[in-house]
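Report on one structure; see the data block that follows.
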Amino acid sequence: MKPTFTGNISRRGILKTTATAALITAIRSAFPSGAFAAAAAPEVTGAKLGYIALTDAAPLVVAAEKGLFAKYGMPDVEVAKQASWGATRDNLVLGGASNGIDGAHILTPMPYLMHTGKVTQNNVPVPMAILARLNLDSQGISVAKDYADTGVELDSSKLKAAFEKKKAEGKEIKAAMTFPGGTHDLWIRYWLAAGGIDPDKDVSTIVVPPPQMVANMKVGNMDVFCVGEPWNEQLVNQGIGFTACTTGELWKGHPEKALGMRADWVEKNPNAAKAILMAVMEAQQWCDSMDNKQEMSAILGKRQWFNVPPKDVLGRLKGDINYGNGRVAQGTDLQMKFWKDGASYPFQSHDSWFLAENIRWGKFAPDTDIKALVSQVNREDLWREAAKELGVAAADIPASKSRGRETFFDGKVFDPENPSAYLDSLSIKAAS
């Protein structure tokens, strides 16, 4: 029986459909051993995914640029720039069907904050799902050049006297991050508190979108900030400030961004969700190759993506760090990881740490059932299914949902089986 069509089909629509079919055929021919044929067909051919201009959005950008979404049956995926993390949240609340977005490159704690209604209008929960981690390491804590003489690096206590002097003069100390309760907020809080600086009492934390960090420090709107790349490197390249430390120095191999999606979209389109996952996972493997860093920097630097000089992306992407205070480190292992070391796998133990830190700073109640909440949002089961269909080597699929105990630069240890012990060990925390 021939299909019956209603409405008018334009010549442009026919051409678009034909072009899409041709693209899928070409990609299947180019990757004859790809997993597309083995996987169940996606329920839809597209989704709207948001991203912020940060290097750790690279897997989404590369998947779009290299035709990987189309390879796995999702030729109509749109990867759309968001102005801020607040805009990302608002567009996720709307959803793709209401001119928002279905998923995003996102700060790992944000899906939990949205899922529980902590950061949504009228505190209305928006069920969310974390499908993958996008990267490990390579965020930075940067300081205005006015503080160069303090010698501050990993030890933030070297800023205490300078901060006290400025406050005595009636001036405000501003520490900028990108979203309350997000990763950058937690990194800068951890760093300050480890040096005896209370982020709730000794400084004022302010929210600044990542692409606006450098311009705001240039005009003196903040003293320190925490953000992802390429903005720390751009700050150094423009001679405006310096990097005190990278976040990998706080916690080696730490989780950072995630691929988050609305839970209702995932439940309605599980095969499409896996198709998106496979495209992103393949892109992560491409991004992780040192041979691709030059091309990757050129792609990200394009006007339609980040609109920055590729040199602002490339250095730290390779592990070459000019801190901007006389320290230059070449070939470090502090580069951003996209695939190796389990970078893509959404370890539930990692999500547990983010929740514990948000309990520490008052975003969640002390009696929050961390394990139960993680089990609601973290969809490592879908990651495993996608990995199997993609043909990921067994050695690259973690045996456990937990990476176990984690140790930080100041000697603190987080045991995901006993987060309360970790919280009890911290001397500075929000007032209960």
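In this entry, ILE197 passes the filter for residues that are aliphatic (A, V, I, L, M), more than 21 Å from the chain's Cα centre (by Cα) and either over 19 Å from ILE240 (Cβ atoms) or at pLDDT below 95 (or both). Among residues belonging to region 74-91 that are touching a residue at least 40 places away in the same chain (Cβ under 8 Å), farther than 23 Å from ILE206 by Cα and not acidic (Asp, Glu), point out the one that is surrounded by the fewest Cβ atoms within 10 Å (Cβ to Cβ). Taking the candidates together, the pick is PRO75. Taken over region 107-162, the residue count meeting the criterion of being over 15 Å from ILE188 (Cα atoms), in contact with a His (Cβ under 8 Å, 6 or more places away or on another chain) and open to solvent by less than 10 Å² (accessible area, probe 1.4 Å) is 5.
For region 70-96, a residue qualifies if it is closer than 16 Å to MET128 by Cβ, β-branched (Val, Ile, Thr) and more than 15 Å from the chain's Cα centre (by Cα), and exactly one does: VAL93. Checked across region 381-388, the condition of being buried (at least 17 other Cβ atoms within 10 Å of the Cβ), under 30 Å from PHE69 (Cβ atoms) and among the acidic types (Asp, Glu) holds for at least one residue. Can you find, within region 418-432, the residue that is nearest to ALA193 (Cα to Cα) among those that are surrounded by 12 or more Cβ atoms within 10 Å (Cβ to Cβ) and touching a residue at least 12 places away in the same chain (Cβ under 8 Å)? The qualifying residue nearest to ALA193 (Cα to Cα) is ILE428. When CYS226 is tested against the conditions (1) outside any helix (DSSP H, G or I); (2) surrounded by fewer than 21 Cβ atoms within 10 Å (Cβ to Cβ); (3) at negative phi, the lone failure is (2). Output yes when any residue across region 326-334 is polar (S, T, N, Q), touching a residue at least 40 places away in the same chain (Cβ under 8 Å) and open to solvent by 10 Å² or more (accessible area, probe 1.4 Å), and no when none is. Checking region 326-334: not a single residue is polar (S, T, N, Q), touching a residue at least 40 places away in the same chain (Cβ under 8 Å) and open to solvent by 10 Å² or more (accessible area, probe 1.4 Å). Could you tell me whether any residue of region 322-331 is in contact with an Asp or Glu (Cβ under 9 Å, 6 or more places away or on another chain) and within 17 Å of ASN135 (Cβ to Cβ)? There is no residue in region 322-331 that is in contact with an Asp or Glu (Cβ under 9 Å, 6 or more places away or on another chain) and within 17 Å of ASN135 (Cβ to Cβ).
The criterion of being under 26 Å from ALA148 (Cα atoms) and buried (at least 18 other Cβ atoms within 10 Å of the Cβ) holds for PRO199. Being modelled with pLDDT of 95 or more and among the aromatic types (Phe, Trp, Tyr) is a property that PHE36 lacks.
The C-beta contact set for region 389-401 (first residue in a helix (DSSP H, G or I), second residue of a type in the set (A, V, I, L, M, F, W, C) and open to solvent by less than 50 Å² (accessible area, probe 1.4 Å), distance under 8 angstrom, 6+ apart or interchain) comprises GLU389/ALA35; GLU389/ALA39; GLU389/MET278; LEU390/ALA35; LEU390/MET278; LEU390/MET281; ASP396/TRP339; ASP396/ALA387.
May I ask you to verify whether TRP383 is assigned to a loop (DSSP other than H, G, I, E, B), of a type outside the set (Ser, Thr, Tyr), within 18 Å of GLN284 (Cβ to Cβ) and touching a residue at least 24 places away in the same chain (Cβ under 8 Å)? So TRP383 does not fit the description; no.
When restricted to residues that are closer than 22 Å to TRP187 by Cβ, in a loop (DSSP other than H, G, I, E, B) and hydroxyl-bearing (Ser, Thr, Tyr), region 402-432 contains 3. In this structure, is GLY95 surrounded by 21 or more Cβ atoms within 10 Å (Cβ to Cβ), touching a helix residue (DSSP H, G or I) at 6+ places or on another chain (Cβ under 9 Å) and under 19 Å from PRO270 (Cβ atoms)? No; evaluated as a whole, the condition is false for this residue.
The values are calculated or read from the model by the stated rules, or taken from the named source; none is laboratory data. Given the structure is predicted, the values throughout are model-derived calculations rather than measurements. Here Cβ is always computed from backbone atoms with ideal geometry, including for glycine, and neighbour counts include all displayed protein chains. Calculation scope for accessible area: heavy atoms of the full protein, side chains included, ligands and nucleic acids excluded. Shrake-Rupley method; radii C 1.70, N 1.55, O 1.52, S 1.80 Å.
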